[in-house]
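Engineer: The structure that follows is given in the form of C-alpha cells.
The values are calculated or read from the model by the stated rules, or taken from the named source; none is laboratory data. As the structure is a prediction and not an experimental result, all values here were calculated from the model. All Cβ positions, even for glycine, are placed from backbone atoms using ideal geometry, and neighbour counts span all protein chains on display. In case anyone asks, the SASA skips ligands and DNA or RNA and just uses the protein heavy atoms, side chains included. Shrake-Rupley method; radii C 1.70, N 1.55, O 1.52, S 1.80 Å.
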Amino acid sequence: MKLLSIAVPCYNSEASMKRCIDSLLTGGEDVEILIINDGSKDDTAAIADEYAARYPTIVRAIHKENGGVSSARNAGLAIAEGKYINFIDSDDMLSDNALEEVEKFFEEHYDEIDMVSIPLMYFDAKEGPHVLNYRFDKGSGIVDLENEWNCIQMNVASGFFKLSAVKNLSFDTSLAYAEDAKFVQFVLLNKRKIGLLSTAEYLYRSRKSSSSA
C-alpha cells in the first residue's frame with residue numbers, strides 16, 4: 001500500500017506539468033502520482049504517458065473526456081490507493097521536504113485529525129506568503145476549530161487528507177467556484193480539528209495574466 005496518493009488534474013498543462021510532477025517524485029516508492037488528463041488538446045496526454053512509462057511503479061496516467069477540475073479530482077479519488085491523498089494543481093509544486101514531513105506529521109497524529117495543511121507560498125508573477133499563513137506563526141500543531149475558527153481552510157490543494165475520511169465524498173461538479181471549499185468543510189466538520197504543518201510549503205503559481213483565482 002502506498003502512503004500517499006497525489007491526484008494531478010491536468011487540462012492543457014503541457015507548459016507546467018513537468019515541474020509539478022518532478023516535485024512529487026521526491027516521495028519515491030511511497031507515493032502514487034495520478035495524472036488525470038481531462039480531455040486536453042495539447043501534449044498533456046503524451047507527457048502523462050511518458051511519465052507513466054518512465055516511472056511505472058509510481059505514476060499512473062488516466063485519460064478522460066473533459067469535465068472540469070472537480071470531475072478530474074473525482075476520477076483520481078475513485079482509484080486512489082494511498083493512506084493519504086492530496087489534490088495538487090498541475091501548475092503548482094511542493095517543496096522538496098513536503099511529502100516526507102506530511103507523512104511523518106500524519107503518522108504522529110493519526111487519530112486526532114483527518115486533514116493536514118501546509119503554508120502556501122506564491123511564485124512567478126507574485127512572490128511571498130499567502131495572507132492566511134498567519135495560521136502557522138506558532139509553528140506546527142493541532143488546532144481545535146471550535147476555539148480557533150480563524151484557522152479554517154478553504155483551499156484543497158495545500159491540504160492533505162486521510163483517504164478513509166474522504167473516500168465517500170466527491171467534489172461538486174455543478175459548482176464553478178468554491179468546489180474545493182465545500183469539499184474541505186465536509187472533511188473538517190467530522191472532527192473539527194486541523195493539523196497545521198509549518199515546516200513544508202505548497203508553491204502556488206501566480207500568473208501574469210491574472211487568471212489565478
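Engineer: Restricting to segment 48-68, count the residues that are out of contact with any helix residue (DSSP H, G or I) (no Cβ under 6 Å at 6 or more places or on another chain) and open to solvent by less than 30 Å² (accessible area, probe 1.4 Å).
Structural biologist: 4
Engineer: Give the residue, chosen from F160, F106, F136, that is within 20 Å of E179 (Cα to Cα) and crowded, with 16+ Cβ neighbours inside 10 Å.
Structural biologist: Just a single option satisfies the conditions, and that option is F160.
Engineer: Can you tell me how many residues in segment 16-43 are in contact (Cβ under 8 Å) with a residue 40 or more places away in the chain and of a type outside the set (D, E, K, R)?
Structural biologist: So the count comes out to 10.
Engineer: Would you please name the residue that is most open to solvent (accessible area, probe 1.4 Å), looking only at residues in segment 91-103 that are among the charged types (D, E, K, R) and in a loop (DSSP other than H, G, I, E, B)?
Structural biologist: D96
Engineer: Taking segment 33-47 as the region of interest, how many residues are open to solvent by less than 10 Å² (accessible area, probe 1.4 Å) and either basic (K, R) or closer than 21 Å to E100 by Cα (or both)?
Structural biologist: The qualifying residues number 3.
Engineer: Of the residues that sit in segment 1-31 and are of a type in the set (D, E) and over 19 Å from K64 (Cα atoms), which one is most open to solvent (accessible area, probe 1.4 Å)?
Structural biologist: Only one residue fits best here, namely E29.
Engineer: Any residue that is of a type in the set (D, E, K, R) and part of a helix (DSSP H, G or I) - is there at least one of those in segment 105-112?
Structural biologist: yes
Engineer: Which residues, taken from segment 170-197, are under 12 Å from R73 (Cα atoms) and open to solvent by 50 Å² or more (accessible area, probe 1.4 Å)?
Structural biologist: Within segment 170-197, S170, T173 qualify.
Engineer: If a residue must be open to solvent by less than 50 Å² (accessible area, probe 1.4 Å) and either modelled with pLDDT under 95 or within 18 Å of I88 (Cβ to Cβ) (or both), how many such residues does segment 111-129 contain?
Structural biologist: Number of matching residues: 10.
Engineer: May I pose another question? If we scan segment 79-90, do we find a residue that is open to solvent by 40 Å² or more (accessible area, probe 1.4 Å) and assigned to a helix (DSSP H, G or I)?
Structural biologist: yes
Engineer: Among (1) more than 16 Å from the chain's Cα centre (by Cα); (2) in contact (Cβ under 8 Å) with a residue 60 or more places away in the chain, which single condition is K64 missing?
Structural biologist: K64 satisfies all of (1) more than 16 Å from the chain's Cα centre (by Cα); (2) in contact (Cβ under 8 Å) with a residue 60 or more places away in the chain except (2).
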